[in-house]
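The values are calculated or read from the model by the stated rules, or taken from the named source; none is laboratory data. Quantities reported herein were computed from a predicted structural model and do not represent experimental measurements. Here the Cβ positions follow ideal geometry from the backbone for every residue, glycine too, while neighbour counts run over all protein chains shown. For the accessible areas, the whole protein counts, side chains as well, though only heavy atoms, and no ligand, DNA or RNA atoms are used. Shrake-Rupley method; radii C 1.70, N 1.55, O 1.52, S 1.80 Å.
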Amino acid sequence: MESLRNWTILGCGAIGGMMAGLLSRAGHQVSLLRTDKEQVTLPIILRFEDLDGQIHQVEPDFLLPKDADNISLLLVTTKAYQVAPAMTPLIDRLPTHTPILLLHNGMGTEDWVKDHFPDNPLLIGITSNGALLVEPEHIRHTGPGETWIGAANPAAQACRPLVELLAQALPHAAWSEQIHRQQWTKLVINAVINPLTALNNIPNGELIAFQADIQTLCRELLPLLAQQGFSAPEKYWVDKVLQVASLTASNYSSMHQDLARGRPSEIDAMTGFLLAEARRLGLSLPAHQALYDKIKAKENSHE
Ligand code: PAF
């Protein structure tokens, strides 16, 4: 059981830092993995501000890919587009029994991880916890949320006890037998909220004034969602989007924050993933394509 309390985190942004803080506060051992030059500047001590405003100091161990033998649980909290470059140094080094838990917005990384780490138990997680990187060493937990984790391959089915331990550290964590369904639902919500808020420079709550756009974007996805086994009507998706926007009303979406800071956005793992899936099935998504093009133009204007 001790090895289930020994986490190595790859990607110490807002979510990675929040996980480090929550796990360490609950008595789990936390190490940070450095894989590239950028991460050499990882803070030595993290300041984790919990939901009550209390500050907890986290003093993680630091590991390099050559230490991969010591990784008993790998939590990958990089952005989706960083998963492949950040995990590449672990290929042929990570023990094959080490479970990998992917926890990021968007989709499209699972196949790459399965191809390069075929024997490792692979878990997929989604979380609605809010976290903010106030400074690289100061992470604020801004809102409680739900975390759902499920198996992406048969080997991961044995990892359920891990989720019970996580539930002691997080506001909520539970096992899901339908993790891909939940991932798709979150993907739809993100693909509507994130580009609309980033392009209109608004917090999530102000999306209430964009109902016509939200309806168009949701309607357009229905044939693609039907192919994934979803039969819910447009109203279901519009209500879901508006519900999340109102629960996170004062938050600026992660895409808004990324673009405001001149960082690449996760548009490829959100809208880009939907567009690729639609193309594969001969469907077209003109409203989503237009958002994709505008976000890409914004990203390029930073370069
Ligand atoms: O990416 C985000 O910001 C979040 O997933 C969400 C749910 C849209 C809330 O801001």
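Residue count for the range 113-139 satisfying the condition of being in contact (Cβ under 8 Å) with a residue 24 or more places away in the chain and either in a loop (DSSP other than H, G, I, E, B) or farther than 30 Å from H256 by Cβ (or both): 11. Can you find a residue that is at pLDDT below 95, surrounded by fewer than 22 Cβ atoms within 10 Å (Cβ to Cβ), of a type outside the set (A, V, I, L, M) and over 21 Å from the mean Cα position of the chain (by Cα) anywhere in the range 39-56? Scanning the range 39-56 turns up at least one residue that is at pLDDT below 95, surrounded by fewer than 22 Cβ atoms within 10 Å (Cβ to Cβ), of a type outside the set (A, V, I, L, M) and over 21 Å from the mean Cα position of the chain (by Cα).
If I ask for residues that are without any contact (Cβ under 8 Å) to a residue 40 or more places away in the chain, over 30 Å from R280 (Cα atoms), open to solvent by less than 20 Å² (accessible area, probe 1.4 Å) and assigned to a strand (DSSP E or B), which ones from the range 57-112 would you list? Matches in the range 57-112: V58 only. Annotation: L275 fulfils all but one of (1) in contact (Cβ under 8 Å) with a residue 24 or more places away in the chain; (2) buried (at least 20 other Cβ atoms within 10 Å of the Cβ); the unmet one is (1).
Does any residue of the range 193-212 turn out to be more than 11 Å from the ligand (Cβ to nearest atom), under 30 Å from E59 (Cβ atoms) and not in a strand (DSSP E or B)? Among the residues of the range 193-212, not one is more than 11 Å from the ligand (Cβ to nearest atom), under 30 Å from E59 (Cβ atoms) and not in a strand (DSSP E or B), which makes the answer no. All conditions in (1) open to solvent by 20 Å² or more (accessible area, probe 1.4 Å); (2) under 23 Å from A245 (Cβ atoms) hold for N204, with the sole exception of (1). Report yes if I149 is under 13 Å from the mean Cα position of the chain (by Cα) and more than 16 Å from the ligand (Cβ to nearest atom), otherwise no. So I149 passes the test. Do we have R280 as surrounded by fewer than 21 Cβ atoms within 10 Å (Cβ to Cβ) and within 16 Å of the ligand (Cβ to nearest atom) here? So R280 does not fit the description; no. Selection of the range 141-185 for residues being open to solvent by 70 Å² or more (accessible area, probe 1.4 Å), assigned to a helix (DSSP H, G or I) and closer than 17 Å to N129 by Cα yields only Q168. On the stretch given as the range 214-238, residues that are open to solvent by 70 Å² or more (accessible area, probe 1.4 Å) and charged (D, E, K, R) total 2. Scanning the range 47-56 for residues that are touching a residue at least 40 places away in the same chain (Cβ under 8 Å) and part of a loop (DSSP other than H, G, I, E, B) returns D50, L51. Look at G130 and say whether it is modelled with pLDDT of 95 or more, among the small types (G, A, S) and closer than 20 Å to I189 by Cβ. When the stated conditions are applied, G130 does not pass them.
Residue count for the range 221-277 under the criterion of being within 16 Å of I189 (Cα to Cα), within 13 Å of the ligand (Cβ to nearest atom) and part of a helix (DSSP H, G or I): the result is 14.
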